[in-house]
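S.K.: Below are the structure tokens for one structure; questions will follow.
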Amino acid sequence: MDILQVKNLTKKFGSFKALHDVNFNVKKGEIFGFIGPNGAGKSTTIRVLLGVLKATEGEVKLFEKDAWKDAVEIHKRIAYVPGDVNLWPNLTGGEIIDLFIKLRGGNSANKREELVKRFDLDPSKKSRTYSKGNRQKVALIAALSSEADFYILDEPTSGLDPLMERIFQECVLELKAQGKSVLLSSHILSEVEKLCDRVGIIREGQIIETGSLKELRHLTRTQILLETKEPVPELNKQKGVHDISSTDQGITFQVDTEEMDSVMRYITQFGIVKLESAPPALEDLFMRHYEGTKKSGSGAGGEG
Amino acid sequence: MNESVTANTSRLSLFMFRLDRIRIFLWLTGLNFFTLIVPISFVSLYSSEQERAAMAETMQNPAMTAMVGPADLSNYTLGVMTSHQMLLMTAAVAGLMSILLVTRHTRADEEEGRVELIRSLPVGRLAYLNAALFVISCVCVILAIINGAGLYMLGIESMQLEGSLLYGAALGGTALVFAGITAFFSQLSDNARGTVGLSIGFLLAAYLFRAVTDISNESLSWLSPLGWVTKTEAYGANNWWPVVLMVIFAFVMFAAANYLHAIRDLESGFLPARSGRTHAGSFLQSPFALAFRLQRTGFIAWAIGLFVIGASYGSVLGDMESFFEGNELMEQMLQPEAGLTLTETFIPMLLIVLSLLAAIPPVMSMNKLRGEEKKGRLDHMLGRAVSRNKLMGSYFTLAVVNGFVMLMLAGFGLWAAGNAVMEEGFSFSMVMGAAAAYYPAILVMISLSAAFIGWFPKFLTLVWVYIFYSFIVLYLGGLFQFADWIGELSPFGHVPQYPVEDMAIFPLVVLMLIAAVIAAAGFIGFRKRDIEN
């Protein structure tokens, strides 16, 4: 069952097209990673999902209800963490968390106390004294302590330290274990690789790739470092080999995943002394898409 | 002072001038405009000595002394009159200017982390503070000179060069005093809000202390910096000592601020930060409660303010009758009718001013919704189970209640103070009824705000233009003999001028209907549009 369905979503601000025919869905129980460069339309998409912005065209459904018309009904079942958390400077963190929990309609006091401890937040401080990370904690604690079915998290860890980031990741995996669904927009690719079942990449208002990480990795290349007894002739003529360059340690090149087998068979003929391969990283894929029209794959290589 | 701690002060000063050039220009223009416009109008209003003596007579009561301070009423020249009625109030406003300008570049910049950025550059530890103090000192000096020169150039006989310069110096000196106070408090408090709060608190305390001691024991007024203002007796005895005192006081404060700044950590204060609640109280549970909580301080301040303004109008009612006698301009403005005392005729005019003032806080309250949107905080509400109707409804309800409370407090203040000073007071129901008649007009303004927020949020400022328009045409309409329709373009122009006119219910009902329709349109618009951030 799809928790979220986005069909042909287009959003215009005046004549500026912020989103163009966006399509994706989030299934029940999965963590969906939503990645893309700054200004690509991640937050705009999320604000349409929340019914804060009205779609110009297309259909957005959460729990099979319309994101705009049934916003309040839908919001009883979702929890949201904005990317830029602006709070009221003269309220304390504790007051804001409680207010947020109340506004959603759920209440789970134990969870709240536990999360305040885990995230190490002082809820008695006025929020004007909070750093970006602490403001984010306020929003995270409010969202994670609510009994929602779908969690929308917009770059929730951009201000957190690595320790807090790990706690956040644990919390998300706990949600997944409980069968909850999560939409995680993020810049931290290692986080997305660790947590997400599927990802969608958005650039300039358009989804350019969706699929499981496994599927997407097929689209990437493996970085190879090779040293052989005899020189390898005509390596550049082999199908699926790119970006050859020789270094002190040997030659490096990239191989398309689908041509890996034939390339390997070819090079074994020349007596392999050393062979190192780096797995295709999401980052690699990400960079290729981010760079857009630039020459693809140039110089991008995963490190072990 | 060691040069390294003040390195680059001059460059930072130029930078601050650059940042604040428009702000400073507007403050100086405003303060000078109001200083110069008053003696000009006094010349035409009180040309004869007899008229001035009559004015002095009305000033001779404790209420007026409490408000504007003492003066030599036996020698009530135009100069004395100007400095008596205007100098203290203008000085308080100049003090407010200093409080806001200094806070901006001390605690506010520090709180926002901008000072940290500056400090990471080769800039002295005390440079930013001293640049701010240098800039405000220059502003004070410019204020003093322009003001003094401007007054002298009016060429009014009783306003000679020395008095004029002293008048300006008293203004500049007061501004300097409050610059010092604010610089000092900005070291104590660790946030801008607290700094402004403490400084304005000090300003009010200084004003009230002086009000009490001016009536009871004038020499005790020397203890209040605002007491020094009237002690100058500009255009009278021309006493320069208070100005010297102001400058010394300000520099002592500057030094104290520098000392405290030098011994503390960046972004810390000396007042302990109170730790707040770890849980929301049982009240803070809804958008309405949040809206109220955010506006609580402002609400209380405005409530007190309107009561005091109402009361201060009321306090002069006792002397009103003698004031009007022989004052042609006022008679022309008020057009007295048979069967009413002049004081009663004055009620609608007072209430127009009071009701327009009472319209300000509820409109601000409604506009807060837009303010929250601009700060990106509405998503917190709308992203949860809060509908747009409920959200806007919370702010609207609060504004509607706010408007009623403000209007009634202003009316009540007018009645209570009037009753205390007049031999035969007004009837309570008459004053409150006359005030209540303005409520539908205030509702129209609130609804208009809601409609702008719903449909044209970018043009929300037009509501203020409309309120200002209402003030101009209705307060001065009688004087300039505007055509009726010009006043009728404002909802306030349709309110029956009770007790001068009969209390007509029909226009009030129409105003309420109009308010309801506009508000409904606002709600519909707000439900349809994108929330910006």
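S.K.: Could you list, in sequence order, the residues of region B:171-196 that are within 16 Å of B:Phe134 (Cα to Cα) and within 14 Å of chain A (Cβ to nearest Cβ)?
M.R.: none
S.K.: Further question: Would you point out which residue out of A:Lys42, A:Lys69 is basic (Lys, Arg), more than 10 Å from chain B (Cβ to nearest Cβ) and within 24 Å of the chain's Cα centre (by Cα)? Talk me through it step by step, then tell me what you get.
M.R.: Details: A:Lys69 fails: within 24 Å of the chain's Cα centre (by Cα).
That would be A:Lys42, the only listed residue that is basic (Lys, Arg), more than 10 Å from chain B (Cβ to nearest Cβ) and within 24 Å of the chain's Cα centre (by Cα).
Residue-wise test of (1) touching a residue at least 24 places away in the same chain (Cβ under 8 Å); (2) open to solvent by less than 40 Å² (accessible area, probe 1.4 Å); (3) within 14 Å of chain A (Cβ to nearest Cβ).
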{"position": "B:Gln60", "(1), (2), (3)": "no, no, no"}
{"position": "B:Thr82", "(1), (2), (3)": "yes, yes, no"}
{"position": "B:Leu87", "(1), (2), (3)": "yes, yes, no"}
{"position": "B:Ala91", "(1), (2), (3)": "yes, yes, no"}
{"position": "B:Ile99", "(1), (2), (3)": "yes, yes, no"}
{"position": "B:Ala108", "(1), (2), (3)": "yes, yes, yes"}
{"position": "B:Leu117", "(1), (2), (3)": "no, no, no"}
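S.K.: Do we have any residue at all in region B:264-287 that's assigned to a helix (DSSP H, G or I) and more than 11 Å from chain A (Cβ to nearest Cβ)? Before the answer, list the steps.
M.R.: Restricting attention to region B:264-287, the residues satisfying the condition of being assigned to a helix (DSSP H, G or I) are B:287.
If we keep only those that are more than 11 Å from chain A (Cβ to nearest Cβ) too, we end up with none.
For region B:264-287, residues assigned to a helix (DSSP H, G or I) and more than 11 Å from chain A (Cβ to nearest Cβ): absent.
S.K.: Oh, and also: Quick one: which of B:Phe283, B:Phe249, B:Phe299 is of a type in the set (A, V, I, L, M, F, W, C), modelled with pLDDT under 95 and within 22 Å of B:Gly201 (Cα to Cα)? Even if it seems obvious, please write down each step before you answer.
M.R.: Details: B:Phe283 fails: within 22 Å of B:Gly201 (Cα to Cα); B:Phe249 fails: modelled with pLDDT under 95.
None of the others qualify; the one that does is B:Phe299.
S.K.: Among B:Ala127, B:Ala211, B:Ala175, B:Ala108, which is more than 13 Å from B:Ala257 (Cβ to Cβ), within 20 Å of the chain's Cα centre (by Cα) and modelled with pLDDT under 95? Before you say what the answer is, go through the steps one by one.
M.R.: On the way: B:Ala127 fails: within 20 Å of the chain's Cα centre (by Cα); B:Ala175 fails: modelled with pLDDT under 95; B:Ala108 fails: within 20 Å of the chain's Cα centre (by Cα).
Answer to the selection: B:Ala211.
S.K.: Let me ask another. Output the number of the condition that A:Val81 fails; it satisfies all remaining conditions of (1) at pLDDT 90 or above; (2) open to solvent by 10 Å² or more (accessible area, probe 1.4 Å); (3) facing chain B (nearest Cβ under 10 Å).
M.R.: (2) is the only condition that A:Val81 fails.
S.K.: Among the residues of region A:90-110 satisfying the criterion of being open to solvent by 50 Å² or more (accessible area, probe 1.4 Å) and at negative phi, which is farthest from the other protein chains (Cβ to nearest Cβ)? Give the derivation first.
M.R.: Step one: of region A:90-110, the residues open to solvent by 50 Å² or more (accessible area, probe 1.4 Å) are A:102, A:105, A:107, A:109-110.
So of that shortlist, the ones also at negative phi come out as A:102, A:107, A:109-110.
Details: A:Lys102: 5, A:Asn107: 11, A:Ala109: 9, A:Asn110: 13 Å.
Looking at residues that are open to solvent by 50 Å² or more (accessible area, probe 1.4 Å) and at negative phi, I get A:Asn110.
S.K.: Right, next: For A:Gln178, work out the one condition from (1) surrounded by 17 or more Cβ atoms within 10 Å (Cβ to Cβ); (2) at negative phi it doesn't fulfil.
M.R.: Exception for A:Gln178: condition (1).
S.K.: A further question follows. Residues that are farther than 27 Å from B:Val5 by Cβ and among the aliphatic types (A, V, I, L, M): which helices (runs of 4 or more DSSP H) entirely in region B:92-197 hold 3 or more of them? Can you show your working first?
M.R.: Details: elements: B:114-119, B:127-153, B:161-188.
Answer list for region B:92-197: B:127-153, B:161-188.
S.K.: Which one of the conditions (1) at pLDDT 80 or above; (2) surrounded by 19 or more Cβ atoms within 10 Å (Cβ to Cβ) does B:Met320 fail to meet, given that it meets all the rest?
M.R.: Only one criterion in (1) at pLDDT 80 or above; (2) surrounded by 19 or more Cβ atoms within 10 Å (Cβ to Cβ) is unmet by B:Met320, namely (1).
S.K.: For residues in region A:159-175 being among the aliphatic types (A, V, I, L, M) and out of contact with any strand residue (DSSP E or B) (no Cβ under 7 Å at 6 or more places or on another chain), which is most open to solvent (accessible area, probe 1.4 Å)?
M.R.: Per the criteria, the residue is A:Leu163.
S.K.: Does B:Arg293 count as assigned to a helix (DSSP H, G or I), among the charged types (D, E, K, R) and over 23 Å from B:Leu204 (Cβ atoms)?
M.R.: Details: assigned to a helix (DSSP H, G or I): yes; among the charged types (D, E, K, R): yes; over 23 Å from B:Leu204 (Cβ atoms): yes.
In short, yes.
S.K.: All but one of (1) closer than 25 Å to B:Leu294 by Cβ; (2) within 10 Å of another protein chain (Cβ to nearest Cβ) hold for A:Asn134; state the number of the condition that does not hold.
M.R.: Evaluating A:Asn134 over (1) closer than 25 Å to B:Leu294 by Cβ; (2) within 10 Å of another protein chain (Cβ to nearest Cβ) leaves (2) as the failure.
S.K.: Which one of these is open to solvent by 10 Å² or more (accessible area, probe 1.4 Å), within 14 Å of chain A (Cβ to nearest Cβ) and closer than 21 Å to A:Ala79 by Cα: B:Lys374, B:Lys368, B:Lys390? Steps first, please.
M.R.: Values: B:Lys374 fails: closer than 21 Å to A:Ala79 by Cα; B:Lys368 fails: closer than 21 Å to A:Ala79 by Cα.
None of the others qualify; the one that does is B:Lys390.
S.K.: For region A:196-277, please list each of the strands (runs of 3 or more DSSP E) lying entirely inside it that holds at least 3 residues being modelled with pLDDT of 85 or more and in contact with a helix residue (DSSP H, G or I) (Cβ under 9 Å, 6 or more places away or on another chain).
M.R.: On the way: elements: A:198-203, A:206-212, A:221-228, A:241-247, A:250-256.
So the answer is A:198-203, A:206-212, A:221-228, A:250-256.
S.K.: Next question. Let me spell it out: the conditions are (1) crowded, with 24+ Cβ neighbours inside 10 Å; (2) farther than 23 Å from A:Gly133 by Cβ, and A:Lys61 meets all of them except one. Which number is the exception?
M.R.: Unmet condition: (1).
The values are calculated or read from the model by the stated rules, or taken from the named source; none is laboratory data. Given the structure is predicted, the values throughout are model-derived calculations rather than measurements. Ideal geometry is used to build each Cβ from the backbone, glycine not excepted, and the neighbour counts take in all protein chains shown. Just the protein is used for accessible areas: all its heavy atoms, side chains included, with ligands, DNA and RNA removed. Shrake-Rupley method; radii C 1.70, N 1.55, O 1.52, S 1.80 Å.
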